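Right, one structure below, let's go through it.
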Amino acid sequence: MTDFNATKEMFHLPEGMIYLDGNSLGPLPKAAPAKMAEVMEKEWGDYLITGWNKAGWMARPTAIGNRIARLIGAEENHVMVGDTLSIKVYQAVAAAMSLQHAKGGAAAARKVILSDSGNFPSDLYMAEGLIKTLDRDGTLGLELRVVAPEEVADNLTDEVAVMMITEVDYRTGRKHDMAALTAKAHANGIVAVWDLAHSAGAVPVDLAGCQAGFAVGCTYKYLNGGPGAPAFIYVNPAHADVAEPALSGWLGHDAPFAFEQNYRAGPGVERMRVGTPPVLANAALAAALDVWDMTDMQDVRARSIELCELFIKEVEARCPMLELASPRDADQRGSQVSFRFHEGYAAMQAVIARGVIGDFRAPDIMRFGFTPLYVTPEEVVKAAEIIEDVMVNALWDTPEYKVRNRVT
Ligand SMILES: *Cc1c(COP(=O)(O)O)cnc(C)c1O
């Protein structure tokens, strides 16, 4: 059994703050500053360039990938960390497209990247950019097709080369059935690419079990790796040695230090490296993963459902003006709960000013993330009381809460 009192103790959480935004940026693991200081002072400071070998900086992205693999049901040595999620989305979709192309015949003639309107814009933008790169003048007829989330299954046709889906919707928390969609994609000759941005550390994921082609995700949300922490990419063992890296940087080369003139992809997921790994950021992420070593994802899921159900019950009983925007059925929801309100931005500012941190997503979504590692049922009830005060007394209705910040 995971001891959630023990995991909560591992985080620095400001006194009096109820943090319901770990779905956007996880809190600081208490061990991270010392860990980073050690890497800075001892490794960078004393080892300098020899740190790459002596401190094992170059091997760390693979080692960290293996620690994340356990949380997302991936096979060992098939997850690599580095870059940002947007870049990993591009890599995964490009590699998936190239797999279809390599098959030739009807597979190579498939022109559609299928996604849904609940996907995060950056994923859609990256797919658009990839299509422009592959098909500059439109002669290939490549197309990004975006359908409603509930229509994905019916659109897995023989025109589709790649299905690019984010499992849990960043706005509403609606969760796709990953196993069913992947199975249907495969049955129709489609390569499945999953974005686990709101899944890793939030819900159990079984990549190996559902045989997903590729998966990507970030480590600064539920995994608590810190602002700008590196992303991860998973490549199915069946594709790992054949997937073509579109971003063919030197560290994904088979022999980076041979400095050959031409690119030869490295073995397996190593080829998904691009350039120099972020050694300092990896140190903070490793400290965050020490906390994850104390957990079992089934326990995390059970507690997450408990917290979300409690929040929905408490808020609905107190705030009739808020409309639930998340699925009511826990099986169809990730680890967040969203409510719609016409003045959602101002209302969230007022709630934040009273110590409950959630966030706002346009046009009208008030979003709250539930992270069992450090959020307790008592805090959920307290948060609902504060939200009730703000809503019932219209405390949001003042000019200062209506001025939009750059980051919402
Ligand atoms: C958070 C998130 C991103 C952000 O990408 P970055 O490159 O890390 O800024 C992308 N896609 C999804 C689905 C996300 O939830």
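The values are calculated or read from the model by the stated rules, or taken from the named source; none is laboratory data. Predicted, not measured: the structure shown is a model, and the values here were computed from it. When we count neighbours, we look across all protein chains shown, and the Cβ atoms used for this are built from the backbone with ideal geometry, even at glycine. Heads up: the accessible areas ignore ligands, DNA and RNA and are worked out on the full protein's heavy atoms, side chains in. Shrake-Rupley method; radii C 1.70, N 1.55, O 1.52, S 1.80 Å.
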query = If a residue has to be within 15 Å of A94 (Cα to Cα) and more than 12 Å from the chain's Cα centre (by Cα) to count, how many in the stretch 192-240 make the cut?
reply = 9
Per-region count, the stretch 167-189, residues open to solvent by less than 10 Å² (accessible area, probe 1.4 Å) and out of contact with any Lys or Arg (no Cβ under 8 Å at 6 or more places or on another chain) = 2
message = Tell me whether the stretch 179-193 contains one or more residues that are over 30 Å from G141 (Cα atoms) and either within 14 Å of the ligand (Cβ to nearest atom) or assigned to a loop (DSSP other than H, G, I, E, B) (or both).
response = no
task = Just give me the residues in the stretch 366-380 being among the hydrophobic types (A, V, I, L, M, F, W, C) and over 19 Å from the mean Cα position of the chain (by Cα), in sequence order.
result = M366, V375, V380
ask   = How many residues, within the stretch 112-138, are surrounded by 14 or more Cβ atoms within 10 Å (Cβ to Cβ) and more than 16 Å from the ligand (Cβ to nearest atom)?
value = 4
request  = Name the single residue, out of those in the stretch 257-280 being open to solvent by 30 Å² or more (accessible area, probe 1.4 Å) and under 20 Å from the mean Cα position of the chain (by Cα), that is nearest to A59 (Cα to Cα).
outcome  = P278
Enumeration of residues in the stretch 208-222 that are over 17 Å from M164 (Cα atoms) and within 12 Å of the ligand (Cβ to nearest atom) = T219, Y220, K221, Y222
